[in-house]
Amino acid sequence: VEKEFDQRINPEKEKVQKSFIEVFNDFILSCKPTKSENTIKTYNTCKRHLSKFSREKKISLNFDNIDMSFYDDLLAYFLSNNFLNTTISKYIKVLKTFMKWSNERGYHSNMICNRFRTFKEDSEKIKISADIVEKLRITDFEDEYKNIVKDLFILSCYTGLRFSDIQ
């Protein structure tokens, strides 16, 4: 009688189970105020790739399935689709960030993703001399679009701004 009385006075709210993708959407929404627009685009792209991977490999996306076997299959999928190592690493980092975020909010207790490793490659850095920049500056490509691209590149060389900043 006491339990019945307590349940009627303080009914327990049933916790609605959200799908992996629904939780990923919540993750993206929660990050919008604090992350850059490009980071949010990366999160959305990662979500799309995970969904496509799930459909193609007929693997159900849920928190319990995220294990080392899932990681191996995901890597194989990325490599078979000719993703660069840096891109694969970026998406693995997003997945790990999402899994940590969702764990902290009580959606799951699976933290096997902490064992997922990313690739680390040093990119080749190319230095352009002032002479080459000057030769490029005075070159006319006879194509307006190529000249605009050239001018933007020269501007970034002189100012140190990234293309995304100039845009």
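General observations
- Placing +1 on each Lys and Arg Cβ and -1 on each Asp and Glu Cβ, with no other charges, gives the chain a dipole about its Cα centre of roughly 280 debye.
- The loop-placed chymotrypsin sites (Phe, Trp or Tyr not before Pro) in the range 28-127, going by DSSP, that have at most 14 neighbouring Cβ atoms within 10 Å of their Cβ come out as Phe119.
- Restricting the range 66-166 to GluC sites (Glu not before Pro) in coil, as DSSP defines it, with at most 16 other Cβ within 10 Å: Glu121, Glu124, Glu142
- For the range 82-127, the set of trypsin sites (Lys or Arg not before Pro) satisfying both a DSSP loop assignment and a count of at most 15 other C-beta atoms within 10 Å is given as Arg105, Arg117, Lys120, Lys125, Lys127.
- Between Leu152 and Thr97, the contour length at 0.36 nm per residue exceeds the Cα-Cα span by 16.3 nm.
- Largest first, the extents of the alpha carbon coordinates of the range 1-100 on the three principal axes equal 64, 33, 19 Å.
- Accessible surface ranking that places the most exposed of Leu95, Leu61, Leu161 first, with a 1.4 angstrom probe: Leu161, Leu61, Leu95
- Once C-alpha pairs closer than 8 Å and six or more residues apart are averaged by separation and normalised to the residue number of the range 84-158, the relative contact order reads 28 percent.
- D_trans [Stokes-Einstein, Kirkwood Rh over alpha-carbon pairs] for the range 27-76, 10 °C, 1.306 mPa s, µm² s⁻¹: 131
- Cβ-based charge dipole, the range 1-127, positive-most Cα from Ala76, Trp101, Cys113: Ala76
- Cβ-derived FRET efficiency at R0 35 Å, Ser109 paired with Glu2, nearest 0.05: 0.65
- Orientation-averaged projected area, Cα convex hull of the chain (nm²): 15.8
- Close amide H partners of Thr118, meaning residues 5 or more places away or on another chain with modelled amide H under 5 Å apart, do not exist here.
- Arg48 - accessible surface, heavy atoms, 1.4 Å probe, Å² rounded to 10: 140
- Surface accessible to a 1.4 Å probe, Thr34 within the full protein complex, Å²: 110
- Heavy-atom SASA rank of Ser80, Ser19, Ser54 (probe 1.4 Å, accessible area, largest first): Ser80, Ser19, Ser54
- Rounded accessible area per residue of the range 26-76, 1.4 Å, Å²: 58
- Sorted largest first, extent of the range 61-116 alpha carbons per principal axis (Å): 35, 19, 18
- Binning the alpha carbon pair distances of the range 77-167 at 5 angstrom intervals from zero yields the distribution 2, 11, 13, 12, 11, 10, 11, 10, 7, 6, 4, 2, 0, expressed in whole percent.
- Nearest-10 value in Å² for the accessible area of Asp165, using the 1.4 Å probe: 80
- Length released on extending from Asp165 to Phe63, taking residue separation times 0.36 nm less the Cα-Cα span: 33.0 nm
The values are calculated or read from the model by the stated rules, or taken from the named source; none is laboratory data. Fair warning: this is a prediction, and the values are worked out from it, not measured in the lab. So basically every Cβ, Gly included, is an ideal-geometry build from the backbone, and we count neighbours across all protein chains shown. All accessible areas refer to the heavy atoms of the entire protein, side chains included, with ligands and DNA or RNA removed. Shrake-Rupley method; radii C 1.70, N 1.55, O 1.52, S 1.80 Å.
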